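First up is the structure itself, then whatever we jot down about it.
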Amino acid sequence: MDNFYAPGKNHLFVPGPVNIPEPVIRAMNRNNEDYRSPAIPAMTKTLLEDVKKIFKTTTGTPFMIPTTGTGAWESALTNTLSPGDRIVSFLIGQFSLLWIDQQQRLKFNVDVVESEWGQGANLDVLAEKLAADRTHTIKAICIVHNETATGVTNNLATVRKLLDHYGHPALLLVDGVSSICALDFRMDEWGVDVALTGSQKALSLPTGIGIVCASQKALEATKTAKSVRVFFDWNDYLKFYKLGTFWPYTPSIQLLYGLRAALDLIFEEGLDNVIERHSRLGKATRLAVEAWGLKNCTQKEEWFSDTVTAVLVPPYIDSSEIVKRAWKRYNLSLGLGLNKVAGKVFRIGHLGNLNELQLLGCLAGVEMILKDVGYPVKLGSGVAAASAYLQNNIPMIPSRI
């Protein structure tokens, strides 16, 4: 039983954790198994090959660690760097802030490049730092691809171009927690050395698997990295990969079966089609926000996120009241504004196993809530704007043609 029962289904529109598809739930509804039996290593081998596809890499080495995105962050840092190493890290919102905090607590020399919340990473400053760093003291560039606190997506291709232009050997470490499997992500093409994501985001699973993918250059860096690591040590995984048993400790059997089902759904739809679907959901949401007369927290179109939209509210409205009212009256879950934008924005998550009609239901709910809290919205305005766009852009469902 739910602790707080409400009829019907909870409409989950936070930017993670997200809706879990029924086939994934059914796949996880199983008993425990011996992970040392032939069955689990056989499945793990295929999973490792298939997760490479969501990173768009043929050369990377994946690790499926029983952890959250925070653990995946730590894994990326401690396996490739040593205490005191200089890294450039971009502060653009709450989650980049938390990663920087972790970097500092792990005793790295963090060169923070801060932007106003709602702006992307300042790549002009990065260019200046790379140009000045002739002795290559910078060992890594750390960047959040998609900052969910503000709905900002950074341009990773430009980061790679800058590194190549200045001939700089720094590692490129990317948080793709709310982007991989939903936004365009090209690990090999963009020369990403470590990319990571979490199972509870676009993969549409419960929290519990931090998936990290490392380039050959990153694996070489582990040989000289002096950061203390035990649970997150990639070398332990690599040893068991060679043995063909794959697991240095007990995995979640149920999550592995769920991951298998989730990947099968993504590949059946087609990864590029998944990315296009998220593009439609993002565009429709932004059109609704515009029709309501509200503004996007993201300040330029080039930074718009297709997995989350952070909506600015007028000064006389506390955005946390919108989130509370959504849950208490309409069984709708929206994202709170965090830290610097607390009380100023609410967030609509539109990622994972989600379709256009589900989104329209969310937008209709938001309109009623805005009316509840005293904002003079015209009911139906945002839904109409989003519907008009979607009606002209939704393709036929391939399996039903």
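The values are calculated or read from the model by the stated rules, or taken from the named source; none is laboratory data. Just so we're clear, the structure is a prediction, and the values are computed from it rather than from any experiment. Virtual Cβ from ideal backbone geometry, glycine too; neighbours counted across all protein chains shown. Remember, those area values only see protein heavy atoms, side chains included, never the ligands or the DNA or RNA. Shrake-Rupley method; radii C 1.70, N 1.55, O 1.52, S 1.80 Å.
Per the helix-only calculation at 222 nm, which mean residue ellipticity applies to the chain, given -39500 (n - 2.57) for every DSSP H run of n ≥ 4 and division by its residues, nearest 500 deg cm²/dmol?
Working: 13 runs with 162 residues, N = 401.
Computed mean residue ellipticity for the chain: -12500 deg cm²/dmol.
Please list, or write none, the lysines whose alpha carbon is within less than 24 Å of the alpha carbon of residue 340, excluding same-chain residues fewer than 8 places away.
Residue 340 reaches 201, 295, 300, 324.
Through the Karplus equation 6.51 cos²θ - 1.76 cosθ + 1.60, θ set to phi - 60°, convert the phi angles of the stretch 95-100 into ³J(HN,Hα) values in whole Hz; use x for Gly and Pro.
Ordered by residue, 3J(HN,Hα) equals 7, 5, 4, 5, 5, 4 Hz.
Output the antiparallel fraction of DSSP beta bridges having both residues in the chain, as a percent to the nearest 5.
50
Taking H as built 1.01 Å from N, whose amide H comes closer than 5 Å to the amide H of residue 85, not counting residues under 5 places away?
Long-range HN contacts for residue 85: 109.
Cross-link partners among lysines for residue 223, C-alpha distance below 16 Å, same-chain residues fewer than 8 apart left out?
139, 239
Rank 261, 42, 195 by mean-square fluctuation in a GNM of the chain with C-alpha springs under 10 angstrom and give only the top-ranked residue.
Fluctuation is largest for 42.
How large is ³J(HN,Hα), in whole Hz, for each residue of the stretch 315-330 in order, when computed from phi with the Karplus curve 6.51 cos²θ - 1.76 cosθ + 1.60 and θ = phi - 60°, using x for Gly and Pro?
Listing the rounded values in order: x, 7, 10, 8, 5, 5, 5, 5, 5, 5, 5, 4, 6, 6, 9, 10 Hz.
Springs between alpha-carbon atoms under 10 Å, Gaussian network over the chain: tell me which of 52, 226, 201 tops the mean-square fluctuations.
226
Mind running the shape call on the stretch 103-235? Use the C-alpha gyration tensor, a ≥ b ≥ c as the square roots of the eigenvalues: rounded below 1.5 for a/c, prolate if a/b tops b/c, oblate otherwise.
Because a/c hits 1.5 or more and a/b fails to exceed b/c, the stretch 103-235 counts as oblate.
Quick check on packing: order 147-154, 65-72 by the mean number of other C-beta atoms within 10 Å, highest mean leading.
The peptides rank, most packed first, as 147-154, 65-72.
What is the percent carbon and sulfur in the accessible area of the stretch 217-322, measuring with a 1.4 Å probe over the protein chains and ignoring ligands? Working shown, then result.
Working: 2740 of 5020 Å².
Summing carbon and sulfur atoms, their accessible area is 55 percent of the total for the stretch 217-322.
Please compute the modelled spin-label separation between residue 267 and residue 324, points set 7 Å along Cα→Cβ, answer in nm with one decimal.
4.8
Note down the relative contact order for the chain as a percent, whole number, built from C-alpha pairs under 8 angstrom at least six residues apart.
Relative contact order for the chain comes out at 23 percent.
Whenever you get a sec, compute what percent of the accessible area on the stretch 41-121 sits on carbon and sulfur atoms (1.4 Å probe).
Answer for the stretch 41-121: carbon and sulfur cover 50 percent of the accessible area.
Add +1 for every Lys or Arg and -1 for every Asp or Glu among the other residues with Cβ under 14 Å from the Cβ of residue 265, and state the total.
Summing Lys/Arg as +1 and Asp/Glu as -1 gives -1.
Where does the chain land on the Kirkwood hydrodynamic radius, alpha-carbon pairs, in angstrom?
21.9
Considering only protein heavy atoms, what is the solvent-accessible area of residue 330 at a probe of 1.4 Å, reported in Å² to the nearest 10?
50
Over the stretch 292-401, calculate the relative contact order: mean separation of alpha carbon pairs under 8 Å at least 6 apart, over the residue count, as a percent.
24
Could you rank the peptides 336-348, 73-85 by their average count of other C-beta atoms within 10 Å per residue, with the highest value first?
Averaged packing, sorted descending, gives the order 73-85, 336-348.
Could you give the length gained on full extension between residue 101 and residue 39, defined as 0.36 nm per residue of separation minus the Cα-Cα distance, in nm?
On the way: separation 62, 0.36 × 62 = 22.32 nm, distance 4.03 nm.
So the extension gain works out to 18.3 nm.
Could you give me the ³J(HN,Hα) list for the stretch 39-48, computed from phi with Karplus coefficients 6.51, -1.76, 1.60 and θ = phi - 60°, whole Hz, x at Gly and Pro?
Whole-Hz 3J(HN,Hα) from phi for the stretch 39-48: 5, 6, x, 5, 5, 4, 4, 5, 4, 4.
Under a Cβ-only charge scheme (Lys and Arg +1, Asp and Glu -1), can you give me the dipole magnitude of the chain about the Cα centre, in debye to the nearest 20?
Around 440 debye, computed over the chain.
Classify the stretch 318-368 as rounded, prolate or oblate from the Cα gyration tensor: take a ≥ b ≥ c as the square roots of its eigenvalues, call it rounded if a/c is under 1.5, otherwise prolate when a/b beats b/c and oblate if not.
The shape class here is oblate.
If you count only protein heavy atoms with a 1.4 Å probe, what accessible area per residue comes out for the chain, rounded to a whole Å²?
For the chain, the solvent-accessible area averages 44 Å² per residue.
Round to the nearest 0.05 the FRET efficiency obtained for residue 186 and residue 235 when R0 = 22 Å and r is the Cβ-Cβ distance. Could the numbers behind the result be given before it?
Values: r = 27 Å, r/R0 = 1.23.
Computed FRET efficiency for residue 186 and residue 235: 0.20.
Once amide H atoms are built 1.01 Å from N in the peptide plane, which residues 5 or more positions from residue 305, or in another chain, come under 5 Å H to H?
HN-HN under 5 Å from residue 305: 153.
Given a cut-off of 22 Å, name the pairs among 45/242; 56/129; 52/217 whose C-alpha atoms lie farther apart than that in the structure shown.
56/129
For 161, 371, write out the residues from largest to smallest accessible area, computed with a 1.4 angstrom probe and no ligands counted.
Largest accessible area first, the list is 161, 371.
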